[in-house]
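S.K.: First the structure, which I've put down as structure tokens, then a few questions once you've had a look.
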Amino acid sequence: MTFNIRKITEADRCEYINMAREFYSSPAVIKNVPEKNFAAAFEECLNSDAYAECYILECDGDTAGYGLILKSYSQEAGGKVIWFDELFVKLRYRGLGFGSKFFEYIFANLPAARYRLEVEKENLPAVNLYKKLGFKFLQYDQMIKENN
């Protein structure tokens, strides 16, 4: 089995949008997002890597999933912060180590002072993976204000 990670390209548009749609209709997320957000995120990743980067996960040349990271800076952390915003692996590729390989790829290629992610506590396979990779639950809650 050959595993590959590469940045998203225009040729990935339909596949990415279908995977994002599936991700946002799964129990891994709290709520759906408008369809237009998938295209906007794709365009952001395709045209700039200042705020977001999207990677396609491949297995033997087939698309196995995608990973979306976001970038910020934290004075508290003392440097760049990489947010693992979305990690989606198609059902037939789950449990084969693709999630771990994606994290290892980002750790090796995008050094940062801090790495963050969000997870539904009920998503035990994801929680177990993240703990194995050294992530810990924060001791405080986050708040949000949306303007849409």
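Where a number appears in this text, it was derived from the coordinates with a stated rule and is not lab data. In this text, all values refer to a predicted model and were calculated from it rather than measured experimentally. Ideal geometry is used to build each Cβ from the backbone, glycine not excepted, and the neighbour counts take in all protein chains shown.
S.K.: Being among the acidic types (Asp, Glu) and out of contact with any helix residue (DSSP H, G or I) (no Cβ under 8 Å at 6 or more places or on another chain) narrows it down to one residue among Glu120, Glu104, Glu86, Glu53; which is it? Lay out the reasoning, then the answer.
M.R.: Numbers: Glu120 fails: out of contact with any helix residue (DSSP H, G or I) (no Cβ under 8 Å at 6 or more places or on another chain); Glu86 fails: out of contact with any helix residue (DSSP H, G or I) (no Cβ under 8 Å at 6 or more places or on another chain); Glu53 fails: out of contact with any helix residue (DSSP H, G or I) (no Cβ under 8 Å at 6 or more places or on another chain).
Matching residue, one of Glu120, Glu104, Glu86, Glu53: Glu104.
Results for (1) free of Cβ contacts under 8 Å to residues at least 12 places away in the same chain; (2) under 23 Å from Cys14 (Cα atoms); (3) touching an Asp or Glu at 6+ places or on another chain (Cβ under 9 Å); (4) among the hydrophobic types (A, V, I, L, M, F, W, C), shown as yes or no for each residue.
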residue	(1), (2), (3), (4)
Ile69	no, yes, yes, yes
Val81	no, no, no, yes
Ser100	no, no, no, no
Phe103	no, no, no, yes
Phe107	yes, no, no, yes
Tyr140	yes, no, no, no
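S.K.: For segment 131-147, does any single residue satisfy the condition of being within 25 Å of Arg21 (Cβ to Cβ), within 16 Å of the chain's Cα centre (by Cα) and of a type in the set (A, V, I, L, M, F, W, C)?
M.R.: Checking segment 131-147: not a single residue is within 25 Å of Arg21 (Cβ to Cβ), within 16 Å of the chain's Cα centre (by Cα) and of a type in the set (A, V, I, L, M, F, W, C).
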